[in-house]
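What follows is calculated from the coordinates using simple rules that are stated; it is not laboratory data. Small disclaimer: the values here were computed from a predicted structure and weren't measured. Backbone-built Cβ (ideal geometry, glycine too); neighbour counts: all protein chains shown.
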Amino acid sequence: MSGEARVRTVVLVEDHALTRAGLKTALDAAGDLRVVAEADDGPSGLAAIERHQPDVAVVDLGLPGLDGIEVTRRARLVAPRTRIAILTVQDLETEIHAALAAGADAYSLKTSPPDRIVAAIRTAADGGAYFDSRIAHVVLGRLTSGAGSRPNENESPLSPRETEILRMISEGRGNAEIAEALFIGLGTVKGHIRDILEKLAVADRTQAAVLALRRGFI
């Protein structure tokens, strides 16, 4: 049927069997995400990613054999088109920074509701960036500090006005403050933000800012 959503393939790399089973159930129920392989340690997870070349690999940080950071780093080499979604209980800045440096596209905490974890995986599979709101300030701080030396990875889909608004969002400004600074109405700001989210295929302002900073759009 022409109206059906595209099914994204997923490899699960998680050493806790119960967590892995629960996640697989949630992904199967989503309808547009299909688990094609599972692994319970780093080496077998990396092998599964290389073999299946999935749309997205869900990788736990605390894996035996190879940790999630190393799996992510090596997966970038053997499956460059595969997106990486980190799923972990850790919200330490050092772990978050290491995951970003390795090339993670999403970072979700295991304590999040299942629908939010599924949304993170879906966003990553579709080429977006997703970082749990509880650690987003860490991500934005790291990316903003290095923004000056990072070249554009892709042609930005944003208009100059949208880019300006998104840059102000990355600085922590609210809608009312943006409207006042740009001498435009609050409704106009909200309309621009809706367009930004649609163009970048992300769920909220934070995700938009993270993705734009990573790709050098702002």
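Observations, loosely collected:
- In this label model, His16 and Arg161 are separated by 4.8 nm, measuring between points 7 Å along each Cα→Cβ vector.
- Contact order for region 1-84, expressed relative to its length and based on alpha carbon pairs under 8 Å spaced 6+ residues apart, stands at 32 percent.
- Whichever lysines have a C-alpha closer than 27 Å to that of Lys190, once near sequence neighbours (fewer than 8 apart) are set aside: Lys199
- In straight-distance terms, cross-link reach from Lys24 covers every one of the aspartates and glutamates whose alpha-carbon lies under 15 Å from its own, apart from those fewer than eight places away in the same chain; here that gives Glu14, Asp15, Asp32, Glu38, Asp40, Asp60, Asp115.
- Region 1-131: equivalent-ellipsoid semi-axes (sqrt of 5 x gyration tensor eigenvalues, Cα, Å): 20, 16, 14
- Rel. contact order, % - alpha carbon contacts under 8 angstrom, at least six apart, the chain: 15
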